[in-house]
Structures are given as structure tokens and as C-alpha cells.
């Protein structure tokens, strides 16, 4: 029997290992436009110890290991570019500790965001975590490995800023902990110990995140989404600055899209408001609409698009089926809020060139310290030309991000190379040293963040 | 080799593999798809299965026993149909069935599926037992043959042959007799209802057994049918009309609820105070009937009905649908859906796990035994809980 297959079955059990064509096919594809990349094995471990044993074996055999969470990046970040073993981490999905008084949860990295939301809703409805703008099957660890952000980005920043602790299996197999948990304390803070930020944003190329302590935040009793609409995109930064100054919203997202037609060339700001009482909700509405947005209405350049719409968590997205084609992919970027008008205009041009209805979205991070701006491109999975158009549009958009002075969020390999081609040489060399030191055999998700 | 005739060739690529289909209504876990719960590989999720079917249909992937097992591991529980937010969601299970149609057409079937279909063809039941033994379940009961009574009681292959399901079928017959209901049975003249045969992709055989039953029903003047199994209920409600068989169809829990309302059935005290109920997929998600079984249970004096966390539209399937109660592609593991369900039932603190389906009955009773829970959790068909 194949030596690696045999080793994997001994570690995780025969049911959870495969080298059959059906599993290799399934794990060769992600949901976006990336061409298939075939692994040689798929394994689904249950514990950090099993992950550690697999990684040690992979070092001996010099075989690549690619950690996979929900597989929702769309950018091919968990595709096995050099073959090897795909580790499907979704069996590692236990919620280990919910500490309501210290407002954190310790959770295995393969747990879905949907599971955490449901758990909090049931056991601590006054607390919430930041849900990414992804289907609820996205995993906690996967989202951190790509520096994700979510629906609490305005008040609290990136999801990866909400960490109290991490457990990671290093590329050489050691299980390490970071934060207060590393000194045997509860998982309540990542600080003020020396900063070892070696794993976030690395797409699993420096280690496999296996446990996480996430901060939890107050979850109010009432929530609604209001929408403010302007026609002139140049007004969006001012509106967002005004709204972040007043600080009454839980989430702020500016968006425009060709479909549905009523939204075409209009710019909508979805404003999530939450409160523990009707008075609090009304106070926040007054601060937002009467104090900050009324001048746009009086000037005839802005309008209220909707009031008190339900704001569901998790979000349900149907955007994958806009072309009845089962696919879309987007470029995400971190941009200054002031760049919204240019991002919109140039993105719409790219979409037009490729005959794809444009969809753009900017989610405010912090007090307008930046925004995650995304350009989405729907495609028909059954039409190779449509897929190629989307792929070309994505690459052009990566170039656009660079041109506009942004950084690409969770870049695909093409985008990673663009970023590294512009990166400060000393920073680049440090990345290389860190990677080489942690992963001497180069087995961890090779091809990602690979410095030449 | 591409399969040009595959029915959903123009739609199957629309699955994005977003994973909504894995969840129950409250998003509490990714294990509400029984096949994915068992194997935890994306290939066994609804999305993975649809992508594999598409690859096979397009000729990117060759058929194999393993591919066949992945496709046939779908228990047709309809959880994916319930949860998928996209406009093609109603067709998801049928996309899988259409792939099975192609496999049948090409003679490419996993061995247990082939055996199942041959048994139905040869013996009129999936167990391969003699057709002449079909009436043995009621040998010592004074159940009348159908002869223009108000109802035909259709016990189905499970009730007729499976020893555990026979007990429940007998309890049902006794209850209906005690209620004074006018009903009869077909005995040896009954044959398999064909529900699973259709879901296993053998349309020709499904039509044949349907026609056989329809002819029998029509010859005997049957107008109203009460079914023991929700699978037969689905066959008569949703499949037989395609072949001209239109009857008034009741699942027995619906009839019991009505008889109780009329006072024709007055159940004695409960076997246990605390009972939990497992929704059968072909009554619940397939036909939106969640009330009747609960009304029956709640009418039993002394019963406290406690719900499992996953219930009604979000109930976890026992893994017995689409022939899996017999072909058993989802068994053999602590992660088998029936064993997960048995643990969930035990976690409610209930002493009885009530079911309303002979497939669920055998699947869950076996699971309770393997889990070592039989000392504190009994699996009972609702018919057994109210028998006189």
C-alpha cells in the first residue's frame, strides 16, 4: 500500500482519508475561477494532535500540506498548487469554552461561522462575533488565515484584530500557543506578550491554525438595516466620514450594482443600527438621518432608500447565481475610503469591457480608517469564455488596486506576486527568512506568499 | 464519455458549493446532510455530489463503484432543498435521481443497489424474501382482506417483512380495528410501493410496480388508502398520479389524529412520561406534515413531548431514505446519521424515541443498541404507543 496513504489512515482512520479520483477531483477545485489543482491525498483530521502527526510525516516524506477550511476564499488559496495532502479541517469544529464574563469564545478552527452564531444565539444571546460577508459555512480559522473582516468591522476592525489567542501546528509539527493561553492562563488576551504575528494573512503557509480565542461583543436586542442612496459617487466618502463621526452604526457598507436595475448607477449605503430599546434605536436614527444625512436630502442629492429592513445573521447570498451560472469571484482590497468614487468608476469600466454586470461594495473598517472594497465578477461555470472573462477582469482589477494605491486583500497567487513585486526588499527578505525558518522543507501550502 | 441526455445538463453547474445545504434552520451545524455527516468529505456533501455528477456527465470523470456509492449515499432527505436559497433548489434531489437514472441505463450500479432492484423485480420487496410470505405479518390477526371497505391499509415491504416493522404494523392494525375503522389489506396481492425504486433511478421498474399496485387498487375499487410508511405515502401522493393512479391518501398518523379528535381512539396511559419525536423526511420535509404525529403523541395521557434540537424542517434524517435502510451506505460509524440521531434523542432525557416510519424504526433502534442506549431509550413507532 502507498506509504503516505497508509500513514494517513493510521493517524485519522480509513474513513477520513482518500486518494480516490472522486475526492481528488472535488478538492482540486474551489468556487472561483482558478484552474483545478489536484492533490494526491485528502485527509480530515479530528484533533490538533492528528494534524501534528500528519505534518511531521509530511516533513519526512517531503510532501506538501494544504490546510482547508470552508473553502470560501474563491481565490484558490487552499488549492494544492504542488500536489500533496489537502487537510480538510472541518471535523475540528468543537466549541470549547464560552466565557461570557470575559467576553470570549475558544473554538476549534474548523468550526463554521454559522455554528458559532447559532451557539451564541442559544447560549449567550447578548453576545456576538463578527460574521464575515461569506456563507455561514466559512470557518473561523480560514477567515483568520486570510485576515478576514466582517459585520463588526466598523466598530472593532478586522476579524483578525479580535483575537485573544491562537493554537497553531507549526510546519515542523510542534503545537504552539500564543497569547495568555501560552502561559497557562485563560484565553482572554493576546497582549502584552511579545507579538508573534506569524500566521494571520499567510494563507496557512506558516502553520495550521487549530484553535482560536475570539472576542465577543455586545449583541443588542433590536437590529435593522436602513439604506441611504445618492446618485453622485463622489459624495460617498463624505457621507461615510459623517456617519463614522457620529458612530451610531454597527455596520456601514456602500454598494452599487448593475443588477437589480433599480440599483444601477446609484450608490447605496446600508446602515445597520442596533439597540436595546426602541428609544435607543430612535435616538440612533435621529443622529444618523436628522443630524448627519438630512442636508443631502435637503440639497436634493440624497434620499432614504429603505428604513427598518430586517438585518439577518448569517447573511443569505444569492449572488453566485446572478448569471444562472453558479459562479462569481471578487477582488477584495483594503483602500482609503476616499478612493470609493475612483474604485467604482474604474471597476464599472472593467466590468463593461468583459460584459459582466458590475457589482462593487465598500465595507467601512474602523472609524473610516479604511474600507474593504470589492469588485465582483459573476460567471457561468459551464461557459469557458465567461470564466476566462471573469479571470481577466480579476487580474485587471488586481492591477487597478495597485494603481490606486490600495492593497489586495486575500490575493490569489497573481495578486500575491503583484504585491511582492512592489514590496520593500527588506520586508520581502524578512518574509523569506520567517518562512524558511518556520518551514525548512517548504511543505506548507507551497506557492502561496512564496518569495523568489 | 459525455452523457448528452442527462436531464439537468443545463442547470447542474449552477450549484456554487456555498454549503447552505449542510445546515439545519438555525445554522447550528454542518451535519444536517446525512451523507456529509457520515463521511465529512466535500465529495459527500450535496454540492460535492452535484459537481461530481457534472464531471461524470461531461466525461471529466469515469464511473467507479466509489462514485456510485457517493451518488447513492444521498438519502433524499430534502434538507438541501429546504436550505438552498437559489432558484433551482427544488430540483436538487431530482438532479441526483437523474444521475442515478443514467447509471441504471448504463448498468453501472454499486452492488447493494443492484441487489435491491433485482429483489424488487423478482420478489416485489427489497429483502429478497418470497412474495407468498407477504401476508405473514398478520397471520394471527383477524385483519380482513380488502373488499370494498372504506380504507385500504397498505403496510408496504417494511411492514410486511422486517421483523421489527412487522410489530409496529400489527400494532397499527389492532389500533385501527379497535377504533372501528372500516379497512382491509391486500396481503399477498400487495407489492412494493416503488418509492425507493424511483429514487434509486430505476424508472422502468418503479413504473411497473406502480402500475401493478394501481391495477390491483382499481380492480378492487380502492378509493382511500392509509399507509403505514411515509415512503408509500409519497409514492401514492406524488408518483402514482403520473401513471393514472389517483386515490385519497392518508398517512396513518393523520388518520389517527382525526380518529382521536372524534373520540374513536382513547389511548391508555403512556409507556413513558417523556417522549421525543423524530420527523420522517417523507412526511415532514417532503409533505410538510409536522402536526399530525405530534397531535397523536400529545393526546396520550401523561406524555410530555420534548423536541430534539433539530426538529421538523431541520430534523436530521436517520439516513434510511432512497433505499439506504437496506443498501446501508451510511452505516458502520459513530458518525452514521442514525447514531448521531440516537445520541440527540438521548440528550433530551426522553425515555422513548417515537417514530412514524418503519425505516426510521429499524434504523434508529439498531443505532440505539450500537450506542448502548437501550437501557434508557426505547424506540417505538407511534402505532405501538397507542395500541389498545
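Read-outs: derived from the displayed coordinates by stated rules, not from any lab. These numbers come from a predicted model, not from an experiment. Cβ sites come from the backbone with ideal geometry, for glycine too, and all protein chains shown count toward neighbours.
Remarks
- Segment B:49-110-segment B:332-388 distance, computed between alpha-carbon centres (Å): 29 Å
- Among B:48, B:156, B:180, the largest mean-square fluctuation in a Gaussian network model of chain B, built with springs joining Cα atoms closer than 10 Å, belongs to B:180.
- All C-alpha pair distances within segment A:222-309, sorted into 5 Å bins from zero, spread as 3, 15, 27, 27, 16, 9, 3, 0 percent across the bins.
- Beta bridges from DSSP with both residues in chain A: antiparallel share about 90 percent, rounded to the nearest 5.
- Our helix-only sum for the protein assembly as shown, with -39,500 (n - 2.57) per DSSP H run of n ≥ 4 divided by its residues, gives a mean residue ellipticity at 222 nm of -10000 deg cm²/dmol.
- With N the number of residues in segment A:1-138, Rg(Cα) / (2.2 N^0.38 Å) evaluates to 1.16.
- Counting only DSSP beta bridges whose two residues both lie in segment A:3-90, roughly 20 percent are antiparallel.
- Spin-label model, residue A:291 to residue B:65: label points 7 Å out along the Cα-to-beta-carbon direction sit 7.2 nm apart.
- Taking every alpha-carbon pair under 8 Å whose residues sit at least 6 apart, segment B:265-386 reaches a relative contact order of 31 percent.
- Gaussian network model of chain B, Cα within-10 Å springs - most flexible of B:186, B:377, B:141: B:141
- Panel values: the protein assembly as shown, Kirkwood radius from alpha carbon pairs, Stokes-Einstein at 4 °C and 1.567 mPa s, translational diffusion coefficient 45 µm²/s.
- Whole-angstrom gap from segment A:93-116 to segment A:359-396, using each part's C-alpha centre: 30 Å
- Residue-averaged beta-carbon neighbours from other chains (10 angstrom radius) around A:20-32: 6
- Hull-based mean projected area of chain A, where the convex hull spans the alpha carbons, in square nanometres: 21.6 nm²
- Tilt relative to chain A, helix A:48-61 - C-alpha long axis, 0 to 90 degrees, to 10: 60 degrees
- Derived from the Cα gyration tensor, the three semi-axes of the equivalent ellipsoid of chain B are 33, 26, 18 Å, largest first.
- Taking segment A:1-120 and dividing mean pair separation by its residue count, relative contact order in percent (alpha carbons under 8 Å, at least six apart): 23 percent
- For the protein assembly as shown, share of DSSP beta bridges that run antiparallel, in % to the nearest 5: 70 percent
- When chain B is treated as a GNM with alpha-carbon contacts under 10 Å, the residue of B:366, B:203, B:148 showing the greatest mean-square fluctuation is B:148.
- Neighbour-count ranking [beta-carbon atoms within 10 angstrom, fewest first] of A:248, A:437: A:437, A:248
- Values of log10 I(q)/I(0), in the order q = 0.11, 0.17, 0.23 Å⁻¹, for segment A:309-418 under a Debye, Cα-only, solvent-free model: -0.35, -0.82, -1.27
- C-alpha center-to-center spacing [segment B:188-224, segment A:3-40] in angstrom: 42 Å
- Over segment A:92-218: Rg over Rh, Cα atoms, Kirkwood Rh: 0.93
- Legend: mean number of C-beta atoms from other chains within 10 angstrom of residue C-beta atoms, peptide A:269-276, equals 0.
- Packing order of peptides B:242-248, A:291-297, B:53-59, highest average first: B:53-59, A:291-297, B:242-248 (average count of other Cβ atoms within 10 Å over each peptide's residues).
- Rel. contact order, % - alpha carbon contacts under 8 angstrom, at least six apart, segment B:322-388: 33 percent
- Å³ per residue enclosed by the Cα convex hull of segment B:47-111: 82 Å³
- Counted by neighbouring Cβ atoms within 10 Å, the residues B:134, A:391 run from fewest to most as A:391, B:134.
- Taken along the Cα-to-beta-carbon direction at a fixed 7 Å, the label points for residue A:3 and residue A:232 span 7.1 nm.
- For segment A:382-452, the Stokes-Einstein estimate of translational diffusion at 37 °C and a viscosity of 0.692 mPa s comes to 239 µm²/s, using the Kirkwood hydrodynamic radius over alpha-carbon pairs.
- When A:187, B:63 are arranged by Cβ crowding within 10 Å, least crowded first, meaning fewest neighbours, the order is B:63, A:187.
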